[in-house]
Amino acid sequence: MREDWIQPILDEAKSNGLERNARVFPETGGKIKVDGKEVLNFSSNDYLDLARHRHVMDCAREALDQYGIGSTASRLVTGTLPIHEELETRLAKEKGYESSLVFGSGYMANAGTIPVLAGRDDLIFADKLVHASMIDACKLSGARLVRFAHNDVLALEKRLEQYADGSGRKLVITESVFSMDGDIAPLADIAALAEKHEAMLMVDEAHSTGTFGPHGAGLVREHGLENSVTVSMGTMSKAMAGYGGFVACSEKLRNLLVHSSRAFIYTTAPPPAVIGAALGIMDVLEASPRLGNILQANADYFRSLLHATDLDTLQSQSQIIPIVIGDNEKAVAVSQKLREQGIIAAAIRPPTVPSGSARLRLSITLAHHVDDLEHAANLIVDAVKT
Ligand SMILES: Cc1ncc(COP(=O)(O)O)c(C=O)c1O
């Protein structure tokens, strides 16, 4: 077997403090039991604490009972079930778009949409910190990729002006809540620039879906930008607590995606239980429209506790709160110390974040009560500062 090249790569990652392991956890959620002890988990994306919600689990079970475990074919063959269409109709309505299309995951929604919007003769302007799934999608598209400084509207304007004479389509891509910094894009300004330069705009709302906006419809909806944002992408894997991704867009674009998106066509339709769960989540968001507000108030409070001791949380304005440590090994050591004290706060290292900015990435969820936040803040400050 020709595998002698593998070990040196793994050894080098280890010697740079960049070893990666998929550790096993016995439970999901913001508060879990490990070896019989309660642990506060600040690394779960189940922001609204809905993964074990009774109604959501009942909806998943109903879909499982009615349709079985799989959709058994691609969406374009016989895999599209009534619940796929029902979910797409409800997502479109909540997001304020004509239409929506569900994909197997958020990664696939990006990988399946960006290459349809832009190809070899086109330009994509991407914020420096957009998620790896967007970058991979740009590479897949074959379009020329132009990066602009993070959340910097002037930098984007310069880039758009620099390429103003270019022929071909232009696409600007950003996130509404950034996955590793927890900060928020100046969406209205970016939308105005995109419009001025006749560029399409796609916003990844993976971390604002469920957590911001009316009924958790996200920040594009909250700011009334549906007409200027060509595609609002979302996931069912974060605040929606399940799995799958989607885009909200015009009916015309949906038709084109159905016609030509490879990540939509050449894969099996998402399984019934996953779609049933997402419909259950939509019911919960409709019935409890303030969940996102409560989450953000708790995140504000937690940030204030950290700021009172001078800890730097970058420009975080959401439920995602980074604490930058810098050194890879120190970040892992702090995370490990906290783990021993009953706090899970994953160390995120390059290449997921820029070199020299290894950090703890904390996710506040509705499973964390005020006394949990106070307890965790004390331990975190102590672990980071000593
Ligand atoms: C900003 C962003 N976009 C897309 C994705 C991919 O979503 P999913 O986990 O549903 O594949 C993620 C999740 O890691 C994300 O953080």
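A few notes on this one:
- K139 being of a type in the set (K, R), within 16 Å of the ligand (Cβ to nearest atom), touching a Leu at 6+ places or on another chain (Cβ under 9 Å) and on the phi < 0 side of the Ramachandran plot: yes
- Total residues in segment 30-87, condition open to solvent by less than 10 Å² (accessible area, probe 1.4 Å), closer than 24 Å to L295 by Cα and of a type in the set (G, A, S): 1
One line per residue, one yes/no per condition, for (1) under 28 Å from F264 (Cβ atoms); (2) at pLDDT 95 or above; (3) open to solvent by 40 Å² or more (accessible area, probe 1.4 Å); (4) within 15 Å of the ligand (Cβ to nearest atom):
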| position | (1), (2), (3), (4) |
| --- | --- |
| R120 | yes, yes, yes, no |
| A149 | no, yes, yes, no |
| V177 | yes, yes, no, yes |
| A191 | yes, yes, no, no |
| G216 | yes, yes, no, no |
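- Criterion violated by K128 - all others in (1) touching a residue at least 40 places away in the same chain (Cβ under 8 Å); (2) within 14 Å of the ligand (Cβ to nearest atom) satisfied: (1)
- The set of residues in segment 193-214 that are in contact with a strand residue (DSSP E or B) (Cβ under 6 Å, 6 or more places away or on another chain) and either within 16 Å of the ligand (Cβ to nearest atom) or open to solvent by 10 Å² or more (accessible area, probe 1.4 Å) (or both) comprises A199, M200, L201, M202, V203, D204, E205, A206, H207, S208, T209.
- Test: N227 is open to solvent by 10 Å² or more (accessible area, probe 1.4 Å), in a loop (DSSP other than H, G, I, E, B) and more than 16 Å from the ligand (Cβ to nearest atom): yes
- Of the residues in segment 166-186, none is out of contact with any Asp or Glu (no Cβ under 6 Å at 6 or more places or on another chain), without any contact (Cβ under 8 Å) to a residue 60 or more places away in the chain, acidic (D, E) and assigned by TED's automatic domain parsing to the domain that holds A239.
- Take the conditions (1) more than 18 Å from the chain's Cα centre (by Cα); (2) open to solvent by 40 Å² or more (accessible area, probe 1.4 Å); G276 misses just one of them, which is (2).
- Criterion violated by A277 - all others in (1) within 20 Å of T80 (Cβ to Cβ); (2) part of a loop (DSSP other than H, G, I, E, B) satisfied: (2)
The values are calculated or read from the model by the stated rules, or taken from the named source; none is laboratory data. This structure is a prediction, so every number in the text was calculated from the model and none was measured. All Cβ positions, glycine included, derive from the backbone under ideal geometry; neighbour counts span all protein chains shown. Just the protein is used for accessible areas: all its heavy atoms, side chains included, with ligands, DNA and RNA removed. Shrake-Rupley method; radii C 1.70, N 1.55, O 1.52, S 1.80 Å.
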